[in-house]
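Here is the structure we will look at.
Rule-based calculations on the coordinates, nothing more; no lab input. It should be emphasised that the depicted structure is a prediction, and the values quoted were computed from it without experimental measurement. Every residue, glycine as well, gets a Cβ built from its backbone with ideal geometry; the counts of neighbours run over all protein chains shown.
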Amino acid sequence: MNKTVLITGASSGIGRATAVYFAQQGWQVAATMRDPAKENELNQLPNVRLYALDVTDQGSIEKALTAAQQDFGQLDVVVNNAGYGVDGVFEAMSDDVIRRQFDTNVFGLMRVTREAIRIMRLQGGGTIIQITSIGGRVTFPLYSIYHGTKWAVEGFSESLQYELQPLGIQVRIVEPGPIKTDFYNRSREFVKPDNTDAYSQFIQRVEKVSQEFGANAKGPIIVAKTIFKAANDRGKRLRYVVGSPAPILVVVRKLLPLSWFMATVRSTYKI
């Protein structure tokens, strides 16, 4: 029987590329998104079914995972990909903005993970793949809230693997660097103050470098292939870094004193 993967946030970017790639490899794919009615391409692929899933809604999570398990027989892999990025000046961020970012990127991921565990424990095993970011290991200017969510997921997932391994459930963390997706435009939420221009020059410099990273990045297929590798890995590897310059940054961060690394970041952004 073909293996089954469930992917959250499959309507665009990394999630969409992952759904297509797994289907091309012969997997059964449960592609989830908030509004499947708007999708007219993924559902044309063989072995792909669409499910409505909003990671901020526990009821929709339970319904989608249960339906996918019933339709395909089991869930071998669950990919927690749904999320978006808030960047900008922290002083200008409201509680609502902060709450929405954490509710999707952290609490939403935890809700899906918890439901996946329940199903995988009963079926005797499986793999949960958390899509975090290189931003869960290192930090860049104007991404304080986004980094907060990704660092939280890193710590949560690293600790979680201890209790799940005896149940036959593996945890993998995929950490993309800059990837050419809607992260830098359509799905982005940028916040800046409207009562001061104290940050204007800082924003201008950082924004220029950030957009250059996004424009020069590779497409999401490289992440999809890494996710597929993690899904099929029978070893105990926890983290998979993908997308230049992410692998180099991780090594440099380990080798350099923190003050040196931060100086390098400041130099890159000319701040």
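Of all aspartates and glutamates in the structure, the ones whose alpha carbon falls short of 20 Å from that of Lys270, not counting any fewer than 8 places away in one chain, are Asp87, Asp197, Glu207, Glu212. Computed from the C-beta positions of Asn232 and Gln211, the FRET efficiency with R₀ = 45 Å rounds to 0.80. Cα centroid separation, region 94-128 to region 167-235: 19 Å. Placing +1 on the Cβ of every Lys and Arg and -1 on the Cβ of every Asp and Glu, with nothing else charged, gives the chain a dipole about its Cα centre of roughly 940 debye.
With an a/c value of 1.5 or above and a/b larger than b/c for the gyration tensor axes a ≥ b ≥ c computed over the alpha-carbon atoms, the chain is described as prolate. Taking each DSSP H run with n ≥ 4 as -39500 (n - 2.57) and averaging over every residue of the chain yields -14500 deg cm²/dmol at 222 nm. Counting only residues at least eight positions apart within a chain, or on another chain, the lysines with an alpha carbon under 30 Å from that of Lys225 are Lys3, Lys38, Lys63, Lys150, Lys180, Lys208, Lys236, Lys254. Between Lys225 and Arg121, what's the calculated FRET efficiency when r is the beta-carbon distance and R0 is 35 Å? Round to 0.05. For Lys225 and Arg121, the calculated efficiency is 0.75.
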